[in-house]
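Step one of this worksheet: look at the structure below.
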Amino acid sequence: MKVLAIANHKGGVGKTTLAFHLIKALAEKGHNVLGIDMDPQGNLSVSLYNDRIPDEHHVKLLFDDGKEHPVPMKICDGNNGSCVYLLGSSIHLASFDSAGATLLNYFKLKSYLEKKLWKKEGEIEDVDYIIIDTPPNLGIFTMSAIVASQYLVIPLDLSIYALDGLRELTKKIRELSEEINHNIKTIGVLLMDSNERTNMAKSFNATLTENFGETFLGEIPHSIKMKEAFLDNVPVWEIAPNNKAANKMREVVFEIIKRMG
Ligand SMILES: Nc1ncnc2c1ncn2[C@@H]1O[C@H](COP(=O)(O)OP(=O)(O)OP(=O)(O)O)[C@@H](O)[C@H]1O
Ligand SMILES: [Mg+2]
């Protein structure tokens with residue numbers, strides 16, 4: 001079972017878009033995949049299941065002491081026999097933000113996944129990959145995802161603050177890793193919505209290549225198709241198979257899957 005978190009405390013950098021496409025690509029490859037939405041905005045949940053998340057499948061139960069553990073929701077049957085599961089979220093998760101930034105809380109998601117605490121309920125087949133989407137902050141939900149994951153991908157936007165944010169994020173992860181002796185491997189950094197032709201994009205690209213070498217996965221060009229696909233809850237390569245951004249998205253997600261081994 002491989003667990004990957006997608007994180008950046010900056011908002012609107014493409015975390016959910018990437019999580020959604022990774023989940024779809026894994027299912028397409030015939031894997032059972034569990035998507036976990038750790039963001040009270042619930043965007044990943046909406047993109048995978050366009051309805052209210054029933055309480056029994058809600059991530060909030062992880063933080064609600066005394067309640068039963070949540071059970072992943074089977075949201076579709078892939079036509080190749082693979083299954084997508086979702087532990088969903090909504091604004092109701094927000095009240096558990098105040099549960100406190102304690103190590104005990106940070107470990108709740110990790111032990112739930114490691115002990116497969118949903119197993120009690122039966123029905124859930126073995127999950128090969130777990131993809132965790134996180135909110136735009138470094139609070140309890142993002143940190144829980146990092147503690148639970150072996151792999152990390154960091155999407156970035158094209159802004160002069162992006163590198164500062166990245167430094168802040170990697171410092172926080174390093175501190176946490178030292179404190180709890182946890183090794184999370186950053187397998188990808190990428191620009192999710194780039195305007196490649198601008199000088200700023202070119203110089204940013206060069207800086208990222210210099211700083212991250214192979215870890216830098218490149219840039220996904222800006223395309224209105226990305227927003228259209230997201231609104232339709234389908235992968236961009238499905239609605240625009242010849243689009244440059246769609247091709248790059250496909251290349252990037254399959255490279256990430258390869259890097260997870
Ligand atoms: N290559 C692209 N071209 C055009 N739009 C894009 C591209 N990549 C992402 N977007 C759009 O950018 C917006 C923000 O993306 P997304 O919601 O995935 O970011 P996020 O990091 O999850 O945001 P938040 O921090 O609020 O959770 C979305 O409307 C998405 O469709
Ligand atoms: Mg998001």
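Please treat every number below as a calculation from the coordinates, not as lab data. This one's a predicted model, so the numbers in the text were calculated from it and none came from an experiment. Quick reminder, even Gly has a Cβ in these numbers, built from the backbone with ideal geometry, and neighbours come from all protein chains shown.
Residues with beta-carbon under 11 Å from that of Ser45, excluding Ser45: net charge, scoring Lys, Arg +1 and Asp, Glu -1? Overall, the nearby charge balance is -3.
Using the structure shown, list the pairs from Lys171/Lys225; Lys116/Lys248; Lys24/Lys74; Lys24/Lys171; Lys172/Lys202 with a Cα-Cα distance above 25 Å, or answer none. Correct reply: Lys171/Lys225; Lys116/Lys248; Lys24/Lys171; Lys172/Lys202.
With viscosity 1.002 mPa s and temperature 20 °C, the Kirkwood radius over alpha carbon pairs of region 160-216 converts through Stokes-Einstein to a diffusion coefficient of 168 µm²/s. Between the residues Pro221, Gly11, Ser47, the greatest Cα displacement towards the positive end of the dipole of the chain, with unit charges on the Cβ of Lys, Arg, Asp and Glu, is found for Pro221. What net charge do the residues around Ser144 carry, taking every other residue with its C-beta under 10 Å from that of Ser144, with Lys and Arg at +1 and Asp and Glu at -1? Every neighbour counted, the sum reads +2.
For Asp126, Asp193, Asp97, the sequence from fewest to most other C-beta atoms within 10 Å is Asp126, Asp97, Asp193.
For trypsin sites (Lys or Arg not before Pro), the sites in region 173-219 that DSSP calls loop and that have at most 11 other Cβ atoms within 10 Å are Arg197. Put in line by how crowded their Cβ is, counting other Cβ atoms within 10 Å and starting with the fewest, Leu113, Leu22 read Leu113, Leu22. For the chain, the Cα gyration tensor yields ellipsoid semi-axes of 28, 22, 16 Å (square root of five times each eigenvalue, largest first, whole Å). With contacts taken as Cα pairs under 8 Å at a separation of at least 6 residues, the chain carries a relative contact order of 25 percent. Over region 93-200, Cα pairs under 8 Å with separation of 6+ residues give a relative contact order of 29 percent.
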